[in-house]
Each structure stands twice: as C-alpha cells, then as structure tokens.
Amino acid sequence: MRQVVDLDNTLQDSLARGYANLSALARSLRPTVENTLGRKVDVDTIITALKRMKGRYTSNPKAVADVLAKSIITVRTDISKLSLRRTVSAKMLTRTVMSQYKRRLLQVLEGVSVIVIIHERAIHERVKQLFPRQYVVAEKPDLAALFIKSPIEITTTPGCVTAILQQLSRRGINVEEILSCHTDTILVVAIEDGGRAFDVISQLINSCRRLTGSSH
C-alpha cells in the first residue's frame, strides 16, 4: 500500500493536506493494491492503511510558492549530452575536458557506472573526439536546457524541485537530466519539449507570484 502512494505525489499531497476522500480513494486504489499483493483486499483495510499514512507526508505549499515566486527561468536550445562508461581513464579525460572548456557551458554528472557531460552543441564533436569510441555509451546532440535561478531558501525548503517536476510530468514532458548547483537548477529536456517546458514552468512561477503577491 505504501509503495503505491509513494509513487503518486498527488495522493501524498491530498493526504498531507487532509482533503482526500478516503473512501473514494480506497475504492480507486483497490484494483492496484490487489494486483500488487496478488489477493483480494477489503476497502476498509485500505482506508485504515491510508489513515495510518497521513502523518508520513508533509506539505508546505506557502514556503514552496515563496521560493518559486522569486525564481527566474531561462532556456537554451543549443545543448548536447555525451554519456560515457565510468572508468579511471574516462574520469581523467573528463577533467581535461572541464579544464579545456572552462569558459564554455559544460556540466558533468558522475553516476555509479556512467559519466554524463552536458555541454554546448557547438563543442559536441570536439568533446566526443577526446574520448575513445568504446567509452561512449550514448550521445544526444540536440537538447534544450532550462536554467532556474532561485533564492537561497531553495536549499532548505523541501518540495520546490518536486513542484516543478510535477508540472512537467503532468504534461508528459520527460526530463533527461537534472542538475542542482546551490541555488541553480538545470533541467535538460528533448529539443522539441524545450519551448513547452519553458511555458509550463513560467506559468508555475507566475502563479506563485500571484499567490504570494510578489512582483519579483
């Protein structure tokens, strides 16, 4: 039961704010819960579980709105992504790339098995050529990046990035990569989603400004 709710931010929010109709919600969730457990489940059992889970989720929309109201968004469409096998040699070469192109837009994400380099489209071929072909896992030369500059409060206010991602998800926009650097949040999306994603987040920010009475 908990796993089902953990995957749905809307359900979490309704439980946190206390506006959920537990009976209706239980009936709606029943087929999914039964399919997950592989057995029949009584609606009253689900209602009891939901009541117990109320305190698990918290919501502070005013604090999130205050942060987003003071945020600024810009978009760039000349972005590329290079994914590399994470090896000692690849890490050393990545440092070289960072040093060589330190005056250009270039961000590096290092995962457990892959290193991802986000960079300007203009330098994509030159960056790729610095790595042996067998190191390259994937590449996407045409992407868009959304740059969101927020006040310092974003570092201590839970739910800000989640609120942004929820808006994109509800409109079917997939986020390829996400980077968080202190007060800067960078979201990488497909080039065809760049304009739509910008509009969605701009609308969210403007809504927060109206809600808080902020003119930024």
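The values are calculated or read from the model by the stated rules, or taken from the named source; none is laboratory data. This is a predicted model, so every value here is computed, not measured. Cβ atoms come from the backbone with ideal geometry, glycine included; neighbour counts cover every protein chain shown.
Among the small types (Gly, Ala, Ser) and crowded, with 18+ Cβ neighbours inside 10 Å - does that describe any residue in the range 132-149? Looking through the range 132-149, at least one residue is among the small types (Gly, Ala, Ser) and crowded, with 18+ Cβ neighbours inside 10 Å.
For the range 162-216, a residue qualifies if it is among the basic types (Lys, Arg) and at pLDDT below 95, and the qualifying residues are 170, 171, 209, 210. Tell me, please, whether a residue that is modelled with pLDDT of 85 or more and either surrounded by fewer than 16 Cβ atoms within 10 Å (Cβ to Cβ) or among the hydrophobic types (A, V, I, L, M, F, W, C) (or both) can be found in the range 53-63. Yes, the range 53-63 has at least one match.
A quick yes/no check of all residues on (1) closer than 20 Å to residue 183 by Cα; (2) outside any loop (DSSP other than H, G, I, E, B); (3) touching a residue at least 24 places away in the same chain (Cβ under 8 Å):
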{"site": "99", "(1), (2), (3)": "no, yes, no"}
{"site": "115", "(1), (2), (3)": "no, yes, yes"}
{"site": "125", "(1), (2), (3)": "no, yes, no"}
{"site": "145", "(1), (2), (3)": "yes, yes, yes"}
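So that you can scan it fast, the table gives a plain yes or no per residue for (1) under 24 Å from residue 62 (Cβ atoms); (2) of a type in the set (Asp, Glu); (3) surrounded by 12 or more Cβ atoms within 10 Å (Cβ to Cβ); (4) in contact with a Phe, Trp or Tyr (Cβ under 6 Å, 6 or more places away or on another chain):
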| site | (1), (2), (3), (4) |
| --- | --- |
| 3 | no, no, no, no |
| 9 | yes, no, yes, no |
| 13 | yes, yes, yes, no |
| 24 | no, no, no, no |
| 32 | no, no, yes, no |
| 38 | no, no, no, no |
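For the structure I just gave you, tell me whether residue 11 is without any contact (Cβ under 8 Å) to a residue 40 or more places away in the chain and under 28 Å from residue 164 (Cα atoms). Yes, satisfied.
Restricting the range 109-125 to residues that are surrounded by fewer than 17 Cβ atoms within 10 Å (Cβ to Cβ) and within 18 Å of the chain's Cα centre (by Cα) leaves a set whose member that is nearest to residue 142 (Cα to Cα) is 109.
Can you find even one residue in the range 10-29 that is among the charged types (D, E, K, R) and assigned to a loop (DSSP other than H, G, I, E, B)? No - not one qualifying residue is present in the range 10-29. Looking only at the range 161-176, decide whether some residue is surrounded by 16 or more Cβ atoms within 10 Å (Cβ to Cβ) and assigned to a strand (DSSP E or B). For the range 161-176, residues surrounded by 16 or more Cβ atoms within 10 Å (Cβ to Cβ) and assigned to a strand (DSSP E or B): present.
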